[in-house]
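Right, one structure below, let's go through it.
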Number of protein chains: 2
Amino acid sequence: MSVGRTPATMTEIAAALGVSSATVSNALSGKGRVSAELSAKIRQAAEELGYVPSHAARALRTGRTGVIGLVLPDISNPLFPQIAQAIEQAAASAGFGVLIADSRGEIAQQTAAIGRLIERGVDGMIVVPRRGSRIADIGTPVAIIDSPSTPGNTVSSDHWEGGVQMGRHLASLGHRKVLLIAHSRESNVQNDRIGGLKAGLGKDVCCETLWVGDLEASQGVGCALGLSARVADGFTGFAAVYDLLALRALTELQRDGIDVPLQASVSGFDDLVWSSVVMPPITTLRQDLATIAECAVEALGHAIGNGEAAAGSMIAARPDCDGVPMKLVIRQSTGPTMHSVVAAAAHARKDGR
Amino acid sequence: MSVGRTPATMTEIAAALGVSSATVSNALSGKGRVSAELSAKIRQAAEELGYVPSHAARALRTGRTGVIGLVLPDISNPLFPQIAQAIEQAAASAGFGVLIADSRGEIAQQTAAIGRLIERGVDGMIVVPRRGSRIADIGTPVAIIDSPSTPGNTVSSDHWEGGVQMGRHLASLGHRKVLLIAHSRESNVQNDRIGGLKAGLGKDVCCETLWVGDLEASQGVGCALGLSARVADGFTGFAAVYDLLALRALTELQRDGIDVPLQASVSGFDDLVWSSVVMPPITTLRQDLATIAECAVEALGHAIGNGEAAAGSMIAARPDCDGVPMKLVIRQSTGPTMHSVVAAAAHARKDGR
DNA sequence: TATAGTTGGTTAAACGATTAATCATCTTGG
DNA sequence: CCAAGATGATTAATCGTTTAACCAACTATA
């Protein structure tokens, strides 16, 4: 199945055709001046001999490896697969390989991971920073995927506007008392989402934020969120800032015998794999990671091409990258409140229908 | 924060100390014959000048890139983060970088991805094959992570034995009618788990297998599993072959007002991130991915060292890799059946306690 | 008919590390 | 005191591409 052992080199092609290796290089890269016919012959010979360019030699000569690094705060983050997939795809079609580095959530590891990537000679890096951390200026082009409020070459979803969408959705369903569920106050992304949610819900809606991180600090990780008490208090909407929290909320409510969405609506962010699979499927906001990945890779590509362009201006090239819109995916975990159903029924009755 | 621009080369170190570059190379690699004192001086100079070895040059000369490829059937598989993390860690400590390639579930893409990795000159690859696919013999060392029943250089968890553990656990809780929930008949892993479950449950337990893939083929993806009807039929145990299915089962049961674990027990495999977070947390089996990753990387390392050792014997080096044991994690989604609780109570009464 | 400008190609020098081959010295044993 | 061996370091070739510099031959220009 596999062809001959050592893949042919340019020199071998050159020897086979009786030309110089420089000409082969020029023909294959289309750079120098080579007659059309010779160029065609060379191309054909390369094909026949099974020529495979040596990335190592090219890297040595040009100083470019054609590899970008992907630094993740914590690979086990459930959103990571989607990010990695999107980036791998975007990078592959731009001719880059993707080297991964995991920082296991620790800031020291993040620095170490970045160092390893640099030693391996990556041409640039895409970093999803650990919550609250900033990336020091390293001598390599970097694109950051985080929230738009992070300074630097950031490309990101418009988390705020996503929050607004969800807030409006919940408000329009008649919810007037909504619990916002977040984890960490340090996360730019979470703060943006919370802000957007509040804005979208509007002034008529009473909302409160539950910081699960604080709760866990006192009651231990994995503790109950105490949501049924909230339902008793009149809360009908539970808007989590990411799907894992939404799932936690959903199952806790269901375990306590509260019907979703009849008695309470639950929503999340990110559209993780399970969100569409649980019962009821979760209403959530999907990030356009393909676009984000393309932006990041493209920006890196430019920066690399220009030989480390000014850091601040990297992303600016593509205006649609500043806040990539999120898409509201409405499923069965959100629905009208009982109150609004009753009101609608009354309204219908009054209309005589 | 970052040091001077172009990192020093061996030649520069040599020039600074007035020795030859070969000596520097020997001192740093500890290979040739260099006096202890000179060696120390060189090492120090390297440190001071901020020497960073050029991977490209080394790769060109030695033919080794120090990079291994990780080919995944579908990056968006929720187990992937754990696998990637484990492999990245094992590879990093063995001095390898990890280049990722996603095959998006398609067999053609898998081949293409492998091709790209080879072109980039990876020294070896770790492949998590798409269900039911076999890896053709490429001219590069390969380690496969799948089920032990896959022929070749496979390292894997002992899925069968894991199934046995879970089967015994459920049987010991008194379950006598258990529904096994799997997705695809083509998956070796799933088949192993199913087999183990049946063996562990023993002959006294009536069990049936629900193939969700078949169900979805007729009723559409994301359809209901119809589990409450099963409960009505007397099923008390629901053993899924992976956590996503378990989650699906759990939420469906809860939505239908069935109490878990009082009326039905639910179990999964893999201990994904949400399993410990939902209410009730899910009883599952955790794979020892760290060990698996170490085995795979170590095996690759040997094969690479020997210059493509005979494929079949790669893994054999480390005997504990054939079937890495899984760890049963008992949480609150499984519990004794009502029947057994009643029986125990009766038993206690009869004992006069 | 010289001269300048193209066109199509070759030469040779990098890039940075590795490594076999070689060469001085310095020890030692006989 | 001399040949043989050990020790410590140097030389130079090599990996496969790229690329600046150069060159020959041909075409158009004055």
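Mind checking which residues of segment B:112-125 are facing chain A (nearest Cβ under 10 Å) and under 21 Å from the mean Cα position of the chain (by Cα)? Answer for segment B:112-125, where residues must be facing chain A (nearest Cβ under 10 Å) and under 21 Å from the mean Cα position of the chain (by Cα): B:Ala113, B:Leu117, B:Val122.
Can you pull out the residues in segment A:1-33 that are of a type outside the set (S, T, N, Q), exposed (fewer than 11 other Cβ atoms within 10 Å of the Cβ) and under 39 Å from the mean Cα position of the chain (by Cα)? Result: A:Met1, A:Val3, A:Gly30, A:Lys31. Taking segment A:201-214 on its own, how many of its residues are under 17 Å from A:Thr251 (Cβ atoms) and outside any helix (DSSP H, G or I)? Within segment A:201-214, residues that are under 17 Å from A:Thr251 (Cβ atoms) and outside any helix (DSSP H, G or I) number 1.
Condition check ((1) in contact (Cβ under 8 Å) with a residue 24 or more places away in the chain; (2) within 16 Å of DNA strand D (Cβ to nearest atom)) across all residues:
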site	(1), (2)
A:Ala27	no, yes
A:Glu37	no, yes
A:Arg43	no, yes
A:Arg64	yes, yes
A:Pro73	yes, no
A:Ile83	yes, no
A:Gly97	yes, yes
A:Ile107	yes, no
A:Val127	yes, no
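Return a yes/no flag: does segment A:34-54 have any residue that is closer than 29 Å to A:Glu294 by Cβ, among the aliphatic types (A, V, I, L, M) and at pLDDT 95 or above. Scanning segment A:34-54, I find no residue that is closer than 29 Å to A:Glu294 by Cβ, among the aliphatic types (A, V, I, L, M) and at pLDDT 95 or above, so the answer is no. Filtered by the rule that a residue be near DNA strand D (Cβ under 9 Å from one of its atoms), closer than 14 Å to A:Ala59 by Cα and not basic (Lys, Arg), segment B:45-62 gives B:Ala56, B:Ala57, B:Ala59, B:Leu60. Taking (1) outside any loop (DSSP other than H, G, I, E, B); (2) farther than 30 Å from A:Gly335 by Cα in turn, A:Lys198 satisfies each apart from (2).
When segment B:34-79 is filtered for residues that are surrounded by fewer than 18 Cβ atoms within 10 Å (Cβ to Cβ), within 11 Å of chain A (Cβ to nearest Cβ) and hydrophobic (A, V, I, L, M, F, W, C), the ones remaining, listed by number, are B:Val52, B:Ala57. Of the candidates A:Ile194, A:Ile181, the single residue that is over 22 Å from A:Pro336 (Cβ atoms), in contact with a Leu (Cβ under 7 Å, 6 or more places away or on another chain) and either among the β-branched types (Val, Ile, Thr) or in contact (Cβ under 8 Å) with a residue 24 or more places away in the chain (or both) is A:Ile194.
When each of B:Gly4, B:Gly30 is tested for being on the phi > 0 side of the Ramachandran plot, of a type in the set (Gly, Ala, Ser) and modelled with pLDDT under 95, the lone residue that passes is B:Gly30. Selection of segment B:215-249 for residues being part of a helix (DSSP H, G or I) and under 13 Å from B:Leu179 (Cα atoms) yields B:Leu227, B:Ser228, B:Ala229, B:Arg230, B:Val231, B:Ala232, B:Leu245, B:Ala246, B:Ala249. Screening B:Gly66 on (1) within 12 Å of DNA strand C (Cβ to nearest atom); (2) touching a Ser or Thr at 6+ places or on another chain (Cβ under 8 Å) shows it passes everything except condition (2). Screening B:Asp192 with (1) touching a strand residue (DSSP E or B) at 6+ places or on another chain (Cβ under 7 Å); (2) more than 24 Å from A:Tyr242 (Cα to Cα); (3) crowded, with 17+ Cβ neighbours inside 10 Å gives one miss only, at (1).
Scan segment A:64-88 for residues that are closer than 25 Å to B:His55 by Cβ and in a helix (DSSP H, G or I) and the total you get is 3.
Mind listing whichever residues of segment B:92-111 are facing chain A (nearest Cβ under 8 Å) and either of a type in the set (D, E, K, R) or assigned to a loop (DSSP other than H, G, I, E, B) (or both)? Within segment B:92-111, B:Asp102, B:Arg104 qualify. Within segment A:109-125, the set of residues being among the small types (Gly, Ala, Ser), touching a residue at least 12 places away in the same chain (Cβ under 8 Å) and farther than 19 Å from A:Leu79 by Cβ comprises A:Gly121, A:Gly124.
Looking at segment A:87-105, which of the residues that are in contact with a Pro (Cβ under 9 Å, 6 or more places away or on another chain) and more than 15 Å from A:Val142 (Cβ to Cβ) is surrounded by the fewest Cβ atoms within 10 Å (Cβ to Cβ)?
Filtering first and then ranking leaves A:Gly105.
The values are calculated or read from the model by the stated rules, or taken from the named source; none is laboratory data. What you are looking at is a predicted structure, and each value in this text was computed from that prediction instead of being measured. Positions of Cβ are generated from backbone atoms using ideal geometry, with glycine treated the same way; all protein chains shown enter the neighbour counts.
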